Amino acid sequence: MKRILLIATGGTIASRPTAAGALAPALTSAELLACVPELADVCRIDAVQLYNLDSTSIGPAQWAGIAAAVRRHYDEYDGFVVTHGTDTMAYTAAALSYMIQRSAKPVVLTGSQKSIYSRDTDARNNLHRAVLYACHPAAWGVQLVFDGKVILGTRARKTRTKSFNAFSSIDYPCTAEFRDLRLVPFLPCPPGYGAAQFYEKLDPAVFVLRLVPGMRADIIPLLAGHCDALILESFGVGGLPGGDEGALFAAVRDWCAAGRLAVFTTQVPHEGSDLGVYEVGRAAKALPGVVEARDMTPEAAAVKLMWALGQARGRDEAARLFLTPVQFDLA
Ligand code: ASP
C-alpha cells in the first residue's frame, strides 16, 4: 500500500461557522480524514496540521512552510496531499511548482467550496480524488485536484467563486480527469522527473499594476524602493497608452534604467501577451529590463517572478529564469 502524507492548512474544507455566523477554519487534519473513511482502503495515510488559516492569509511564509514539510518527509512518503482554501490555492499551487521542481512523487492540492461538515459538500469527493490521484502510478509533479479535474499547479486558476467546478486549467490541457473514481491520465510524467529539486528563497517584493485607461504614470516612480520588479497588466496582447511618446513609456523606461525588471502581461483571461504586435508595444518590448509573461497565468507570473528574483544574482539572470519553462507554465 502506498504511503501518503496529508498536510492540512485550513480553508473552507476545514471550516465551521463562528459564533458571529461567519465561516472560519477549525477542523483538524484528523477530523478531515475521519470524514472520508474509504481512504483507509486506498493507502496508509498520516496527517500533519501545519496551519488552520483561511487561504486569504496564506502567503510566502506558509508556502515555504509547506515546501519544507514536503522536503522533510520526502523520502518517507509516496505522495503528498495539501488541503487548502480555494481563494489563494492557485498561488500556492504555482509557488509549490517553483519551489518543488521535477518531482516524480505527486504533491496534490485540494479544498472545497463547502465545509466537509456541510450536508451538500464537495469536500469529501475532492479529498477522496486528491488521495486517489496521489496514489495512482500515473501521478507526478505539483497538481491541483478539484471537481474531478487534475490541473497543473502552474496552470490552475480559480474562475468561479461559488460553483463546485471552481478551477480551470488555463490555456493548457488538464493533466488527468476522473470519470467517477477512475482516473484517465492525459499528460504523462515528463522525462527528467525523479527526486524533487527544492528551492527555498523567494523575494516577495513584486508589485502588480493593472492599467486602466487614463491612469497617471507618476504612480510608477513611487513604487521604487518598495519593490524589485513590476508586473504591468496591459490590454490585449500588450502596449502602453501613447506608445513611446506616452508618459507611461517614460516611467517604465526610467524604472528599467535603474536596473529593475518590468514584466508585461495581459488582462485578457486567455492566450497571453505578444507585446511586439502593435506600435504601442514595440518600443516597450525593446527596453532592456522588459520581459513578457506570454501565456503564464497571473498567479504563475507573480510567484515565478518572486522565485526568479530570489534565486538570481542580477536582473539578467532573473529574466532568464523567469523565461525558462517550468512544469509547462509557458507554451
Ligand atoms: N475563504 C476560503 C479560503 O480560501 C474559501 C475556500 O476555501 O473556498 O480559505
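Each value in this text was obtained by applying a stated rule to the coordinates, not by laboratory testing. Note that this is a predicted model, so its numbers are computed, not measured. Cβ placement follows ideal geometry from the backbone for every residue including glycine, while neighbour counts extend to all protein chains displayed.
Numbers below:
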| read-out | value |
| --- | --- |
| Added length on full extension, which subtracts the Cα-Cα distance from 0.36 nm per residue, Arg313 to Arg3 | 107.7 nm |
| Helix-only CD estimate at 222 nm, as mean residue ellipticity for the chain, using -39500 (n - 2.57) per DSSP H run (n ≥ 4) | -8000 deg cm²/dmol |
| Angle in degrees between helix 123-135 and the longest Cα principal axis of the chain, rounded to the nearest 10 | 90 |
| Compactness of the range 196-331, expressed as Rg and Dmax over alpha-carbon positions, Å | 14.1, 48 |
| Cβ-placed point charges (K, R +1; D, E -1), dipole of the chain about Cα centre in debye, nearest 20 | 480 |
| Cβ-defined net charge surrounding Ala26, 12 Å radius [Lys, Arg +1; Asp, Glu -1] | -1 |
| Angle between the chain longest axis and helix 60-73 axis [Cα atoms, degrees, rounded to 10] | 50 |
| Ranked packing of 154-161, 285-292, most packed first, by mean Cβ within 10 Å | 154-161, 285-292 |
| Aspartates and glutamates whose Cα lies under 18 Å from that of Lys162, excluding same-chain neighbours fewer than 8 positions away | Asp54, Asp87, Asp120, Asp122, Asp147 |
| Residue of Pro37, Pro188, Pro213 that the Gaussian network model of the chain assigns the largest fluctuation, springs spanning Cα pairs under 10 Å | Pro213 |
| Percent antiparallel among DSSP beta bridges (both partners in the chain, rounded to 5) | 35 |
| The range 39-134 shape via C-alpha gyration tensor axes, a/c threshold 1.5 | oblate |
| Spatial separation of Cα centroids for the range 34-66 and the range 272-316, in angstrom | 33 |
| Calculated FRET value between Ala258 and Asp171, using beta carbons and R₀ = 41 Å, to 0.05 | 0.80 |
| Given Lys201/Lys285; Lys2/Lys158; Lys114/Lys201; Lys2/Lys114; Lys158/Lys201; Lys105/Lys304, the pairs whose alpha carbons are separated by over 32 Å | Lys114/Lys201 |
| Environment charge of Ile45, counting only residues whose C-beta is closer than 12 Å and scoring Lys/Arg +1, Asp/Glu -1 | -1 |
| Solution diffusion estimate, µm²/s, Stokes-Einstein, the chain, Kirkwood Rh from C-alpha pairs, 20 °C, viscosity 1.002 mPa s | 104 |
